[in-house]
Amino acid sequence: MTAQHAEEADGPLISQPAMTREALRDAVRRIDMAALVFFDKECHEAFDRAAETGAINPLRFFLMKWATHVAIQRWPARAAALREAERSAGDPKATEEQFRAAMATSSRILAEAQREIGL
C-alpha cells in the first residue's frame with residue numbers, strides 16, 4: 001500500500017480548518033497538543049513584528065506555516081512519513097541515496113500539504 005493509499009484508508013483526524021488564528025489554534029490543540037506552546041509563542045511574535053513594522057507579512061507567514069503543519073498532522077500516515085524522513089535525513093550514517101530519498105519524501109509531503117491549503 002502506498003503512503004497516499006494509507007492516508008485515504010485512515011482518513012484525516014479532522015477537516016482542514018480555515019486559515020485563521022483561532023481555527024488553526026483549535027486544530028493544533030486537537031491534533032498536536034505538544035505544539036500548542038510553540039503556536040502561541042510564534043503567534044505573539046508574529047503579532048509583535050507586524051505591529052513594529054506595520055506589515056501584515058509576519059501574520060501571513062505565521063498562518064501559512066501553521067496551516068501547513070495542520071495539513072500534515074491531521075493525516076497520521078503523512079505525519080509519520082515526514083517524521084521518518086526527517087529522522088533519516090538527519091542520520092549521520094545515512095547513505096547519499098537514503099538522504100536524497102528522505103529529502104524527496106519531505107518535499108513531496110510539504111508540497112501536498114501546501115496544495116491542500118491553497119498555496
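Here ILE117, ILE109 are screened, and the one residue that is closer than 17 Å to PRO17 by Cβ and touching a helix residue (DSSP H, G or I) at 6+ places or on another chain (Cβ under 6 Å) is ILE117. If you filter the stretch 31-56 down to residues that are in a helix (DSSP H, G or I) and charged (D, E, K, R), you find that the one that is farthest from the chain's Cα centre (by Cα) is GLU52.
Looking only at the stretch 35-63, which residues are among the hydrophobic types (A, V, I, L, M, F, W, C), open to solvent by 80 Å² or more (accessible area, probe 1.4 Å) and over 19 Å from ARG115 (Cα atoms)? Correct list: VAL37, PHE38, PHE47, ILE56.
For the stretch 77-97, residues that are farther than 13 Å from ALA113 by Cα, in contact (Cβ under 8 Å) with a residue 24 or more places away in the chain and of a type outside the set (A, V, I, L, M, F, W, C) total 0.
For (1) over 18 Å from ALA104 (Cα atoms); (2) open to solvent by 50 Å² or more (accessible area, probe 1.4 Å); (3) of a type outside the set (Ser, Thr, Tyr); (4) in a helix (DSSP H, G or I), each residue gets a yes or a no:
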| site | (1), (2), (3), (4) |
| --- | --- |
| MET19 | yes, yes, yes, no |
| ASP26 | yes, yes, yes, yes |
| ARG29 | yes, yes, yes, yes |
| LYS65 | yes, yes, yes, yes |
| THR68 | no, no, no, yes |
| GLU86 | no, yes, yes, yes |
| PRO92 | no, yes, yes, no |
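Residues that are assigned to a helix (DSSP H, G or I) and farther than 16 Å from ALA80 by Cα within the stretch 7-17 are absent altogether. Only one of the numbered conditions (1) touching a residue at least 24 places away in the same chain (Cβ under 8 Å); (2) more than 14 Å from the chain's Cα centre (by Cα); (3) surrounded by 17 or more Cβ atoms within 10 Å (Cβ to Cβ) is violated by ALA102, and that is (1).
The values are calculated or read from the model by the stated rules, or taken from the named source; none is laboratory data. Keep in mind it's a predicted model, so treat the numbers as computed, not measured. Every residue, glycine as well, gets a Cβ built from its backbone with ideal geometry; the counts of neighbours run over all protein chains shown. Ligands, DNA and RNA are stripped out before the accessible areas are found, and what is left, the full protein with its side chains, is counted by its heavy atoms. Shrake-Rupley method; radii C 1.70, N 1.55, O 1.52, S 1.80 Å.
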